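What follows is one structure encoded as structure tokens, with my remarks underneath.
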Amino acid sequence: KTSDLADVVSWTAMLALSPGDTSRQEPLTASCVYAIYDPLAQTCTYARAHHPAPVIVSPDGTAVQVPDVPPGPLLGTAEGLPFTSATVKLPVGSILALYTPSILPATPSGVPGDEGPLRRILTGTQRPLQDLCDDVVYSLRDGPRPGDSVLVLLRTRSFPPGQTTTWQFGPDPEEARRARAHVRSKLAAWN
């Protein structure tokens, strides 16, 4: 349950504080984005808790329209559920960027702003992910960053044709043995 996750986040953060730290009296919260890529359906489903949505760039360098999902409350707050999710179809070779807002260029007010520069850097989708990450980190923001800076880049791919299979088994406990035998046989055939 998401509320359990929020409790774990708060409890874990409390353990990191010294016993006399006044922050122990304040509620500890965290933002989060959670994404699941399905290489069979070539879809990405994500939800967010007071965190920016992922940036996605297709293999041809164009931005993928990410469905606007309400951000949801911070983890560790009393607001709790629900968190809305969205699913987007992604071509193989797309770049998925999960990031903290401090990666983005600051607006004149000093608040991280537009994700457009991040998208522009990620248009070189054929380049190695480490090169793209370096370009983002070294070109988007000068000076100190407000808060932690995290950038995770992923390149989507699919399973090779013929590398998936589906079986149906009944509820009998003996079916578990049959399922294991099928899996062993198929994995050996796929090497």
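The values are calculated or read from the model by the stated rules, or taken from the named source; none is laboratory data. Quantities reported herein were computed from a predicted structural model and do not represent experimental measurements. Cβ coordinates were reconstructed from backbone atoms using ideal geometry, including for glycine residues, and neighbour counts include every protein chain displayed. SASA here: full protein model, heavy atoms, side chains in, ligands and nucleic acids out. Shrake-Rupley method; radii C 1.70, N 1.55, O 1.52, S 1.80 Å.
Just one residue in the set 117, 82 is surrounded by 14 or more Cβ atoms within 10 Å (Cβ to Cβ), more than 13 Å from residue 46 (Cβ to Cβ) and at pLDDT below 80; that residue is 117.
Being assigned to a strand (DSSP E or B), at pLDDT 80 or above and not small (Gly, Ala, Ser) is a condition met by no residue of the range 138-149. Condition test on residue 152, is it at pLDDT 80 or above, part of a helix (DSSP H, G or I) and at negative phi? Considered against the rule, which asks whether it is at pLDDT 80 or above, part of a helix (DSSP H, G or I) and at negative phi, residue 152 comes out as no. If you filter the range 155-191 down to residues that are among the hydroxyl-bearing types (Ser, Thr, Tyr) and part of a loop (DSSP other than H, G, I, E, B), you find that the one that is modelled with the highest pLDDT is 156. Contact map, the range 54-75: first residue within 15 Å of residue 156 (Cα to Cα), second residue among the charged types (D, E, K, R) and at pLDDT below 85, Cβ cut-off under 6 Å, separation 6 or more or different chains; pairs are 55/115; 55/119; 63/119. Among the residues making up the range 52-63, those that are assigned to a loop (DSSP other than H, G, I, E, B) and open to solvent by less than 20 Å² (accessible area, probe 1.4 Å) are 54, 58, 61.
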